There are 2 protein chains.
Amino acid sequence: MRAEIIAVGTELLLGQTVNTNATYISQGLAELGIDVYFQTVVGDNEGRIREAIRLARSRADLILFTGGLGPTMDDLTKDALASYLGRSVSEHEPSMNKIEAMFKSRGVHMVESNRRQANLIEGCDPLDNEAGLAVGNALTVDGTHYVLLPGPPREMKPMFDGPAKAWLRGIMNEDRRLYSRLLKFAGIGESNLEQALIDLIETQTDPSIAPYAKEGEVAIRISTKALSELEANARLDAAEEQINERVGQYLYAREDIALEEAVIRQLRASRRTLASAESLTGGLFAQLVTRIPGSSGEFTGGVVTYTNVMKHRLLSIPMSQLEGTGAPGAVSESTAALMAERVRELADSDFGVSLTGVAGPSESEGKPVGLVYFGLAERGKQTKVFTGHFSGNREMIRVRSAKSLLYRLWQALSGKEGS
Amino acid sequence: MRAEIIAVGTELLLGQTVNTNATYISQGLAELGIDVYFQTVVGDNEGRIREAIRLARSRADLILFTGGLGPTMDDLTKDALASYLGRSVSEHEPSMNKIEAMFKSRGVHMVESNRRQANLIEGCDPLDNEAGLAVGNALTVDGTHYVLLPGPPREMKPMFDGPAKAWLRGIMNEDRRLYSRLLKFAGIGESNLEQALIDLIETQTDPSIAPYAKEGEVAIRISTKALSELEANARLDAAEEQINERVGQYLYAREDIALEEAVIRQLRASRRTLASAESLTGGLFAQLVTRIPGSSGEFTGGVVTYTNVMKHRLLSIPMSQLEGTGAPGAVSESTAALMAERVRELADSDFGVSLTGVAGPSESEGKPVGLVYFGLAERGKQTKVFTGHFSGNREMIRVRSAKSLLYRLWQALSGKEGS
């Protein structure tokens, strides 16, 4: 089955509202194993909505609408579809009773236009709106299925997940469901990962193996349609093994979690704690780690020593290390090592990590933008220092630095350091 | 001019990514006075991209693409448009030099497919990508304008706002230009601001006065079309005065800068310095402030005391203040005051600020999720403590807390405290 989603609303075309409904519906359809080929956004204009329907009708056999079911003059989706299909529209009595009861219970006078929310296109199945007043519509005409959902996400979501999905299952004569697994990688770039797997990505069709694009993250999704989870897992396991043989050393999770969450879980499992000393990232590393609920068990905190004076005051790093002719400077291997060691001692934690470098826009201490040193101090072990060279603007260098340190930490915790 | 936006990417059709790019571009086009009639999402399939182009060509005279400019086999936008137009594609030398230089500087082997990112369709103007490698394309063929932008928002936004908008202004042959001014507010909610200005928003047409929707920020845009800046400014000034009479006390900037930047500028102007002590925000406050280039002149740094032990170790707050029967606890007015005072002393800065509260998901010390105390210590003055009650999920509570503290700091610095 080929689906198309039509979101109706001028506010979307003005950029005042983000089209999260299309995302939500697409996700739900993917889970049902229904392929979405197009998403369209059209304004509150009956002619253009009809044009969008005509077009979708030519390239899809399931058309889902969201928006335009409300009471105002701008709510035109039902009228446009009815006129396109040459059908009449009439009031759905149970929905009208519900609307009248709601106004009565709130002691508010009902404006006549609210009756429009109870409208059903001739031959439609009503879809109950548990969070609002506008009734949904679902019908099949000449082999094309139409589902009309409201626009407000708090009304759309329960209607889609409940009555609309039930209606869709009814029209689908397939027993097979889509199963998929997400593999998340760190320490390898998107294009290098794809290069390593290119033959699998191009030739494997069941399970399909595809790169998964998401800001700043590198992932692979493997998917298969199967009658049962057992059947699906057997196939997914085999595909995962093929992938692991090639790039297993970079795999940090088999589910959709961020690298910082993988690190916190490893710390938790080994009952160890972490503290951080940041310079160029200015708190970004700590902020990422503390986004994880409950991270205070593993991450005790740290310092943001954004100036040399603060490195001296908070971490007791000698000013002679930081400034003056022949001094290593704030951006140096030895300062990174000292920062990591001192913050570990201050916090009495198992690990102390540090970041110092040049985020830009201009160089610092004669060192180039993008040069970053990471310190990794561990209780009872020799402190390590890593060097990074990052490109991009100031914010990207900061984010890449924090992620790169998380990867080094993950390697140390998972014993994959040699790779 | 009628515009259509085509977002290319199978991840959008699978519901894995929200199409925020279409929203961002729509907003920008609205500001230029260009109407968007349709937004379309199509997968990484050359035939279907061509179909979307053919269709958009029939109903728009400006087509903006986002996505599909990257190095992988799935990046097909340039190929699809070139093939639709019957034009060739060739390498843009400056872009290729940039790509090679980047790989060289990082000491990473360049996979051959990266060359694709330097491709230009015959006759195109290149659009510089300051945050990535894929060059943008812009061209006009038979009266239809095409603009190709990358998919990752961090690359798309600067390319759209910079070279793409400049290119669009060049093709718009109107003598009257759109002039607009953005007024940014803090300390007032979006709906309260709108309520205070509702009659102006609804009745004023020149200049138009409109709320400007942007995640987590409250702003008003006033716009007018004029033959000169002088003419425009006279009208914009008059509208701004009307707005200021009602909500001037919440106005923190007359340009698109974040609240943290307004705070840094005020500190710079008065030659004062700031340090922070964070608990629930875990480094988020420091991270926001240090995003501003050159902020190390005003923000010295601070501490992330995520646990009680760290509040004791780094800030010398007595454990008896933090724990035990009858103790005020970590989430309390007195702890917020102590944190702010101690970090100010540690840093020897003019201001010390603190955040302590409950970000959730569950309550802490018997205190409810969303309760936050802010400390504001100033050299030679009485320390102040503010209380906040925030709703939303964990991350929203953290962000709102940090923004709320910035607002208090801005008030203190601008002398608008009474309001």
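Nothing in this text is a laboratory measurement; each read-out follows from the coordinates by a stated rule. From a predicted model like this one, the values you see are computed outputs, not experimental measurements. Reconstructed Cβ throughout: ideal geometry from the backbone, glycine too, with neighbour counts over all protein chains shown.
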Legend entry - Peptide A:387-396, shielding by other chains (average Cβ, 10 Å cutoff): 4
Inset, instruction - Would you pull out the residues with amide H under 5 Å of residue B:66's amide H, same chain only if 5 or more places away, H placed 1.01 Å from N? - result: B:6, B:7, B:8, B:149
Legend entry - Protection-proxy order for peptides B:148-155, A:193-200, each taking the mean of Cβ atoms within 10 Å per residue, highest first: B:148-155, A:193-200
Inset, instruction - Find how much the distance from residue A:73 to residue A:386 grows on full extension, using 0.36 nm per residue of separation minus their present alpha carbon separation; answer in nm with one decimal. - result: 106.4 nm
Inset, instruction - For residue B:384, go through the lysines and keep the ones whose alpha-carbon is under 25 Å away, minus same-chain ones fewer than eight residues off. - result: B:311, B:367, B:403, B:416
Inset, instruction - For chain A, state what percent of all Cα-Cα pairs lands in each successive 20 Å bin, counting from 0 Å until the bin that includes the largest distance. - result: 22, 37, 30, 10, 0
Inset, instruction - Search the structure for amide H atoms under 5 Å from the amide H of residue B:360, placed 1.01 Å from N in the peptide plane, and list their residues when 5 or more places away or on another chain. - result: B:370
Legend entry - Average other protein chain Cβ within 10 Å of Cβ, residues A:39-45: 6
Inset, instruction - Calculate, for residue A:165 and residue B:327, the FRET efficiency according to 1/(1 + (r/R0)^6) with r their C-beta to C-beta distance and R0 51 Å; round to the nearest 0.05. - result: 0.50
Legend entry - For chain A, share of DSSP beta bridges that run antiparallel, in % to the nearest 5: 60
Legend entry - Value of Rg to Rh for the protein assembly as shown (Rh from inverse mean 1/r over Cα pairs, i.e. Kirkwood): 0.97
Inset, instruction - Kindly write out, for segment B:17-23 in residue order, the coupling ³J(HN,Hα) from the Karplus curve 6.51 cos²θ - 1.76 cosθ + 1.60 (θ = phi - 60°), rounded to whole Hz, with x marking Gly and Pro. - result: 10, 7, 7, 5, 4, 4, 4
Inset, instruction - Select from A:135, A:301, A:201 the residue farthest towards the positive end of the dipole of the protein assembly as shown; place +1 on Cβ of Lys and Arg, -1 on Cβ of Asp and Glu, and compute about the Cα centre. - result: A:301
Inset, instruction - In nm to one decimal, list the spacings between the residue A:414 label point and its equivalents in the other copies, with label points set 7 Å along Cα to Cβ, shortest first. - result: 4.7
Inset, instruction - Please state the charge dipole magnitude for segment B:45-87, taken about the Cα centre, from unit charges on C-beta atoms (+1 on K and R, -1 on D and E), reported in debye and rounded to the nearest 20. - result: 220
Inset, instruction - For residue A:43, list long-range residues whose amide hydrogen, built 1.01 Å from N in the peptide plane, is under 5 Å from its own amide hydrogen. - result: A:9
Inset, instruction - Would you mind putting A:368-381, B:317-330 in packing order, based on average other-beta-carbon counts within 10 Å, highest first? - result: A:368-381, B:317-330
Inset, instruction - Report, as a whole number in µm² per second, the diffusion coefficient that Stokes-Einstein gives for segment A:259-414 at 4 °C and 1.567 mPa s using the Kirkwood radius over alpha carbon pairs. - result: 85
Inset, instruction - Treat each spin label as a single point 7 Å out from the Cα along the C-beta direction, and report the residue A:100 to residue A:11 distance in nm. - result: 3.0
Inset, instruction - Considering only B:25, B:171, B:209, give the residue with the highest GNM mean-square fluctuation for chain B, with springs between Cα atoms whenever their separation is below 10 Å. - result: B:171
Inset, instruction - Report the residue, chosen from A:103, A:386, A:65, that carries the largest GNM mean-square fluctuation when chain A is represented by alpha-carbon nodes joined by springs under 10 Å. - result: A:103
Inset, instruction - Please figure out what share of the DSSP beta bridges in the protein assembly as shown is antiparallel and state it in percent, rounded to the nearest 5. - result: 65
Inset, instruction - Please give, to one decimal in nm, the separation of the simple spin-label points placed at residue B:362 and residue A:269, each 7 Å out from Cα toward the Cβ. - result: 2.3
Inset, instruction - Take the Cβ-Cβ distance between residue B:125 and residue B:217 as r, set R0 to 25 Å, and report the resulting FRET efficiency rounded to the nearest 0.05. - result: 0.20
Legend entry - Karplus-derived 3J(HN,Hα), 6.51/-1.76/1.60, for each residue of segment A:70-77, Hz, glycine and proline x: x, x, 7, 4, 7, 8, 10, 4
Inset, instruction - Work out from phi, with θ = phi - 60° and the Karplus expression 6.51 cos²θ - 1.76 cosθ + 1.60, the ³J(HN,Hα) of each residue of segment B:250-267, listed in order in whole Hz, and give x for Gly and Pro. - result: 9, 6, 10, 7, 9, 8, 7, 10, 6, 4, 4, 6, 4, 5, 4, 5, 5, 4
Inset, instruction - Report, as an integer, the average count of C-beta atoms from other chains found within 10 Å of each Cβ along B:70-77. - result: 3
Legend entry - Counting DSSP beta bridges with both ends in segment A:259-414, the antiparallel % (nearest 5): 60
Inset, instruction - Can you list which of the trypsin sites (Lys or Arg not before Pro) found in segment A:236-327 are DSSP loop residues with at most 16 other C-beta atoms within 10 Å? - result: A:254, A:271, A:272
Inset, instruction - Identify, among A:397, B:410, B:326, the residue whose Cα sits farthest towards the positive end of the charge dipole of the protein assembly as shown, taking +1 on the Cβ of Lys and Arg and -1 on the Cβ of Asp and Glu, with the dipole about the Cα centre. - result: B:326
Legend entry - Extreme residue, positive dipole direction of the protein assembly as shown, given options A:287, A:211, A:179 (C-beta unit charges): A:287
Legend entry - Size of charge dipole - the protein assembly as shown - debye, nearest 20, with Cβ of Lys, Arg +1 and Asp, Glu -1, no other charges: 1840
Inset, instruction - List the residues of segment B:22-54 whose backbone N lies under 11 Å from a point placed 7 Å from the Cα of residue B:1 along the Cα-to-Cβ direction. - result: B:29-30, B:32-35
Legend entry - Additional length obtainable on full extension of the chain from residue B:205 to residue B:109, 0.36 nm per residue less Cα span: 28.9 nm
Inset, instruction - Kindly give the distances from residue B:86 to its copy-mates, label point to label point, with each label point 7 Å from Cα along Cα→Cβ, as nm values to one decimal ordered shortest first. - result: 3.9
Legend entry - Near-label residues of segment B:260-275 by backbone N, under 16 Å of a point 7 Å along Cα→Cβ of residue B:348: B:272-275
Inset, instruction - Would you mind putting B:294-304, B:87-97, A:340-350 in packing order, based on average other-beta-carbon counts within 10 Å, highest first? - result: B:294-304, A:340-350, B:87-97
Inset, instruction - Equivalent ellipsoid semi-axes for segment B:221-270, as square roots of 5 times the alpha carbon gyration tensor eigenvalues: give them largest first, rounded to whole Å. - result: 25, 14, 9
Inset, instruction - Give, rounded to the nearest 20 debye, the magnitude of the charge dipole that chain A has about its Cα centre when Lys and Arg contribute +1 at Cβ and Asp and Glu contribute -1 at Cβ. - result: 1000
